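The values are calculated or read from the model by the stated rules, or taken from the named source; none is laboratory data. Note that the structure is predicted; figures quoted are calculated from it, not measured. Reconstructed Cβ throughout: ideal geometry from the backbone, glycine too, with neighbour counts over all protein chains shown. Ligands, DNA and RNA are excluded from the accessible area calculation, which covers all protein heavy atoms including side chains. Shrake-Rupley method; radii C 1.70, N 1.55, O 1.52, S 1.80 Å.
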Amino acid sequence: MEAPAVIFYVLASIALLAAVMVIWSRNVVHSAIYLVLTFLCVAAVYVLLRAEFVAAVQVLVYAGGIVVLFLFVIMLVSLQDTLGPRIRLHATVSGILGATVVGLILYVYSRGPLATERLLSVPPEDSAGNLQSIGQALYRDFVLPFEIASILLLVAMIGAIVLAHQKH
Amino acid sequence: MTARPAAGFRDFLKMLLLLELWVGLWVTLKNQFRPHITVEYPRERVELSPRFRGVPRLRFHPENGEELCIACHLCETVCPDDCIHIVSEKKPDGKGKRLVSFEINYERCCFCGLCVDPCPTKPLTAIYMSHDYEMADFKREGFVAPLKVLLNGVDPKDYKE
Amino acid sequence: MFRTEEMDINMGPQHPSTHGVLRLKLTLEGEEVVDVRPVIGYLHRGVEKLSEHRTYPMIEPLTDRLDYVAAISENLGYCGAVEKLMGLHVPPRAQYIRVVLAELQRIASHLLWLGTHALDLGAMTVFFYTFREREMILDLFEAFCGARLTYNSMRIGGLYEDVPQGWTDRVRHFIGIFPSREKEYEDLLTVNRIWLGRTRGVGVLKPEDAVGLGVSGPTLRASGVDYDVRRAQPYSSYDQFEFDVPVGKNGDTYDRYIVRMEEMRQSCRIIRQALDRLPEGDVRAKVPKYIKPPAGEVYHVVESPRGEQGFYIVHKSGEMPYRMRFRAPSFVNLQALPVMCRGRLIADIVAVIGSIDIVLGDVDR
Amino acid sequence: MDRQALIQTLVIPAAQILAVVLVLPLVIAYLQLVERKVLGFMQVRLAPRRVGWHGLLQPIADAVKLLIKEDTVPEKSDRFLFTLAPVVTVIPALASLAVIPFAAEPFHVFGYEVNPFITDINVALLYLLAISSLGIYGVILGGWASNSKYSLLGALRSSAQMISYEVPLGFAIIGVMMLAGSASMVEIVNAQKAAGVWYVLPQILGFFCYFIAAVAETNRVPFDLPEAEAELVAGFHTEYSGMKFALFFLAEYTNMIVVSSIVTILFFGGWLRPFPNAAALAFLENGWLLFVPLVAGGFLGWLADQKLGGGLRLMFAGGIAGAALGFLIARSDVLGLAGLQVPAVSGVFWFSLKVSFFLFMYIWFRGTYPRYRYDQLMALGWKWLIPLSILNVIGTGLMILITG
Amino acid sequence: MPVPPNHVLVFSLLLFAVGVLGVLTRRNAIVILMSIELMMNAANVNFIMFSQRLHDLAGQVFSVFTIAVAAGEVAVGLAIVLALFRNRDTVYVDEVHIMKG
């Protein structure tokens, strides 16, 4: 196996492990820290996939913003969290169902045409252009979704402020 | 009285150019080239004024070398901290008193100098505020100064870096 | 900020900016202060009670330790009270020298206040500059009375000794260079936008509150109440000098800052006048060896750097007072702290404590 | 892989990283000494003088003290996070250094070309933004895990502060990216060389926004609220001692160096000499100007000796020694010292000179300004810096449109 | 990166599954929000992978949008949690019955 592949498998395992820890750990702050770890590993996977811009945004927004927001709220509500995950009947049933579905999908994957391909077997286009081409795609081809996304963010911001603002 | 900054175009411009922040920076820069005020004790020592009130001590008469104290107990009486302890006895000829022991407890002393005030042996008072101020010790006993120490002073401690 | 649970937090008695052993129990909501409760008494030494077992000259060193950064003002007030009780007349030269000393003390005390206040608000350099100048004043005091902090500088009926040779010239030299140094502090602080932001509108004390709480000194005058003991009830020949009493408008931290800065200039002015007109003569009135005042009671008040420093003596017989009571300006001014702090941020508490300039030795006595 | 490629791809980067990680603590230790010295001189005092000649060994003594000091962990703290916090503060700070070029010309070591930077990636600026946004975790976790109210308040303050100031920080550098047309550090400096002007001139607004936001981001005076000792005792690191405290310390100063480097690269032409295209000043390139600090340092040293004695002499002596060394290296071609590379060293010299200036600015600010209050800090960030930096982006765009 | 695309897909699938598991089994609203983030990340991995495989930037662009949406979602979600905590003094979703008739 080549080095990037090894790195991918290591990163993927860490990410999954951390993700499990997110939902497993009882301390919410620990959850948040594992969440950061997951995000960072996923960002590294993006880098491997030559999506440096998205990786940077992922770290910037997810790790630098969202999880900090999580931590902020956790500290504000400052509750003693003692409840771990709870397995109940319908959760168990749905878990079994879900596991079946996951298994089915895995089976399909292993049969499909994707299994034999190799990612990036074709040399990628000049990676220096990545940032520029993303910018062009964002502002030329996808300008409407982009604007909609910004409006969405604005609305979300206002909504969050209204919800969280102290009522005297 | 310094006026509060009033609104106006000039002030607006000043605010925009962060003028007062530059002035502040200039002050600290300028002061870098002022002489420093640090005295590197114990390598250097500050010059004490003649009236400096260090630990109270007794003194001999500078000419004939006799004790000046006449055991009048005035300093003991006036001391606000009760740190002076005098023992005296009648002179054999029955005239006046003679000093037997004189102790000052430096742990109590507050260096107020009140004991020097009433000392009757003017102009050269028997008790005086010396210029010694280094009196650290590891034992409490070291702070109770008997007559001998009071008269001769402690041996100067050698402070080394 | 978001509303959270109220949080109790202890500020002090070991805290960098409570200026001694003041303890504040803060109730916070986020960063906002809901309530402040000062807890005092950590430095209580029972000075008033101690005074009942000491003769009058022996009490003076105790007064040094009340407001230990302005000991000369305390000495002046105490000696004035006893002199009033005894009906003594202090020679004019002693009175003038006392004024010079008291005003130098005011500058030294305000310099200490300015340094620590600025340090609390983060401007650490001012601290060193003010201490550089304060050191010059302390050198003057050392030359005069031999001590640098607890002076015991005066005696009932005047001074122990006249000023040493060349002392007045050194004072003149100091008040000559001091205004330029004060300009430097002002350059660093007065118009600095951060300083303005930290002090203006912070800790407002309304005039009626100030009077109602018994606040005195620069803190009172910053609230716009024009009252200065030096002018209202002149003592030690203050009536012979010309000086302005700076008065603030808004009663905020910035006004208290400005008032004190101006007071330092006025002090220089008074010192200059006193030195120019320094009379010749004795510095000590005829005082009996054993001070036995007539029975009676007396209240004498002086304007210390912190405010009205009052001395109340009840004398019955003998050489010791029957009852002694100090009106400590820091103690009274501290009462205004909760009023000024409620609804502000934590950082403002630091600014407000700094601006009312308390000395814990004075508060706890 | 053949041996050559192996060395180029693995050994050299590893050696570079090792060099950075090993040299940096030493640099920071002495940066801290310089800070104390300069602050001391600003405050008309002498600063450390007892350990070593003029306190030159003070950093070593401090480091030893921190290393052997008891490492206390508060009883009710979250041990895991308490230990993790200083580590996650240091890692992003060190990781930022990976993309910072100290010069452009490669050194030649044992026949291999060694670049004076670890890597030059095309999204370097984004990488820096992303990495620096991670630095907040150490602060917030340290404050929370200490289980102390003062620390928690410090952590909350700093999280709000750092999130707020990342926005103007990001906007302020967009102008530079637009002008240079690249996010790679080397490309940006090369673009400045091509333009013949440091970007501080066309981007003066961006520079101000960036520098102010960066000072806030590094939690330095006048924005040092999270650790305001007068209010919160020491903020998030109240409970820390020993090595853990040292790590926080290391991170803070690393961040200062990183920020100063970024400012130098983005706005002050990195390793370029002043007026990079003026042929008349070409002698600066091969180090003739190093004479100037030599002479100036000598003069100032003499002046300091005359006026003050003591303290400042040290600085000037250091300046003279450094300049002399730089001169020797830079004139090595003339002096016949083989193996020393003039262009690379010249670049490193200019770069460090500029970085030192900004580090001095940090110290200067600390010596001069009071501290902002929490709400004022937020107001400054949101009401002034963000609009101004957006204005800067728009202005830069218009400028590019007009000038083509 | 010579990894078969389906391995990346499997990674994304498992990440998604963990997210679902979190939403199903945890009662703490904050952790549930975190799990939702995990699922969004899983989706993003797919976007990026296909963007790379098809040499089409649309995938990357959409993952940027996803991140933006996630940011908005978290802001609103956490605001709701905060409001919940303020009014009901809990962040456990099954203790919130206010919507039940």
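Three principal axis extents of the stretch A:128-168 based on alpha-carbon atoms, in descending order, are 52, 21, 7 Å.
The protection proxy used here, the mean number of other Cβ atoms lying within 10 Å of each residue, ranks peptides B:83-89, C:293-299 as follows, highest first: B:83-89, C:293-299.
With one equal scatterer per alpha carbon and no solvent term, the Debye-computed log10 I(q)/I(0) for the stretch E:5-95 at 0.12 1/Å reads -0.45. Only Cα pairs under 8 Å and 6+ residues apart enter the sum, and on that basis the relative contact order of the stretch C:228-365 stands at 18 percent.
Solvent-free Debye calculation, one equal scatterer per alpha-carbon of the stretch C:217-365: log10 I(q)/I(0) at 0.09 Å⁻¹ equals -0.39. Measuring r between the beta carbons of residue C:53 and residue B:140 and using R0 = 25 Å, the FRET efficiency lands at 0.50. Taken per residue, the accessible surface of the protein assembly as shown reaches 42 Å², heavy atoms only and a 1.4 Å probe.
Here residue C:45 and residue B:18 are evaluated by their C-beta separation; at R0 = 60 Å the FRET efficiency comes out at 0.75.
What is the Rg over Rh value, at two decimals, for the protein assembly as shown, using alpha-carbon atoms and the Kirkwood definition of Rh? Rounded to two decimals, Rg over Rh is 1.04.
Taking the longest Cα principal axis of chain C as reference, the axis of helix C:167-188 is set at about 10 degrees. Computed from Cα positions, the angle between helix E:5-25 and the longest principal axis of chain E comes to roughly 0 degrees.
Taking only the alpha-carbon atoms of chain B, what semi-axes of the equivalent ellipsoid follow from 5 times the gyration tensor eigenvalues under a square root, in whole Å, largest first?
Numbers: eigenvalues 605, 78, 41 Å².
With the √(5λ) rule applied to chain B, the semi-axes are 55, 20, 14 Å.
Computed in the context of the full set of protein chains, the accessible area of chain E at 1.4 Å probe radius has 70% of its extent on carbon or sulfur.
When a 1.4 Å probe is rolled over the protein heavy atoms, the share of accessible surface on the stretch D:9-104 that falls to carbon and sulfur comes to 74 percent. Normalised by 2.2 N^0.38 Å, with N the number of residues, the alpha-carbon radius of gyration of the stretch E:1-56 equals 1.29.
Over the whole of D:33-44, what's the average partner chain Cβ count within 10 Å per residue? Rounded to a whole number, please. Spell out each step's value before the answer.
On the way: counts 0, 0, 0, 0, 0, 2, 5, 4, 7, 12, 14, 13.
Per-residue shielding by partner chains comes out at 5.
Treating each Cα of the stretch C:276-356 as an identical point scatterer and summing with the Debye formula, the log10 of I(q)/I(0) at q = 0.14, 0.22 Å⁻¹ comes to -0.74, -1.04. Partner shielding of C:149-156 amounts to 2, given as the average count of beta-carbon atoms from other chains within 10 Å of each residue beta-carbon. The angle between the Cα long axis of helix C:253-276 and the main principal axis of chain C comes to about 20°, on a 0 to 90 degree scale. Within the P(r) computed for the stretch A:1-79, what percentage of the Cα pairs occupies the region above 21 Å? When every Cα pair of the stretch A:1-79 is considered, 32 percent fall beyond 21 Å. Taking a point 7 Å from the Cα of residue A:2 along the Cα-to-Cβ direction, the residues of the stretch E:17-58 with backbone N closer than 15 Å to it are E:53. Over the stretch C:153-293, the pair-distance histogram of Cα-Cα distances with 10 Å bins from zero comes to 10, 28, 30, 21, 9, 1 percent, rounded to whole numbers. Computed over the stretch C:315-365, the convex hull of the alpha-carbon atoms projects to a mean area of 4.3 nm². With N as its number of residues, the stretch C:157-212 has a Cα radius of gyration that, divided by 2.2 N^0.38 Å, comes to 1.93. Students often get this wrong: which residues of the stretch D:182-221 have the backbone nitrogen under 18 Å from the point 7 angstrom along Cα-to-C-beta of residue D:402? Output list for this probe position: D:200-206. For chain C, the Kirkwood hydrodynamic radius from C-alpha pairs, put into Stokes-Einstein at 4 °C and a viscosity of 1.567 mPa s, yields a diffusion coefficient of 62 µm² per second.
Other protein chain C-beta atoms within 10 Å of residue C-beta, averaged over D:120-126: 5.
Please give the FRET efficiency for residue C:299 paired with residue B:124, using the beta carbon to beta carbon distance and R0 = 60 Å, rounded to the nearest 0.05. Walk me through the numbers on the way to the answer.
Details: r = 41 Å, r/R0 = 0.68.
It comes out at approximately 0.90.
Rolling a 1.4 Å probe across all protein chains gives residue B:121 an accessible area of roughly 20 Å².
Dividing the Cα radius of gyration of the stretch C:280-326 by 2.2 N^0.38 Å, with N the residue count, gives 1.43. Partner lysines whose Cα lies under 26 Å from the Cα of residue D:149, excluding those fewer than 8 positions away in the same chain, are identified as A:167, C:25, D:69, D:76, D:244.
Ignoring ligands, DNA and RNA and using a 1.4 Å probe, state the total buried accessible area between A and E in Å², rounded to the nearest 100. Display every interim value, and only then the final one.
Numbers: alone 13520 and 7150 Å², together 13810 Å².
The contact between E and A buries close to 6900 Å².
Taking all protein chains together and rolling a 1.4 Å probe, residue A:142 ends up with roughly 40 Å² accessible. When the P(r) of the stretch D:29-127 is calculated, the portion above 21 Å amounts to 64% of the C-alpha pairs.
Considering only protein heavy atoms and a 1.4 Å probe, what is the carbon-and-sulfur percentage of the accessible area of the stretch C:241-361?
Values: 2090 of 4270 Å².
Its accessible area is 49 percent carbon and sulfur atoms.
Interface C/B, total buried accessible area with a 1.4 Å probe, nearest 100 Å²? Please list the in-between numbers first.
Working: alone 15100 and 12620 Å², together 24410 Å².
When C and B are taken together, about 3300 Å² of accessible area is lost.
Rank-order C:38-46, C:209-217, B:132-140 by packing density, defined as the average count of other C-beta atoms within 10 Å over each peptide's residues, highest first. Don't jump to the answer; show the numbers that get you there.
Values: C:38-46: 15.0, C:209-217: 20.3, B:132-140: 10.8.
So the order, starting with the most tightly packed, is C:209-217, C:38-46, B:132-140.
Please give the total accessible area that chains D and B bury against each other, computed with a 1.4 Å probe and expressed in Å² to the nearest 100. It comes to approximately 1900 Å² buried between D and B.
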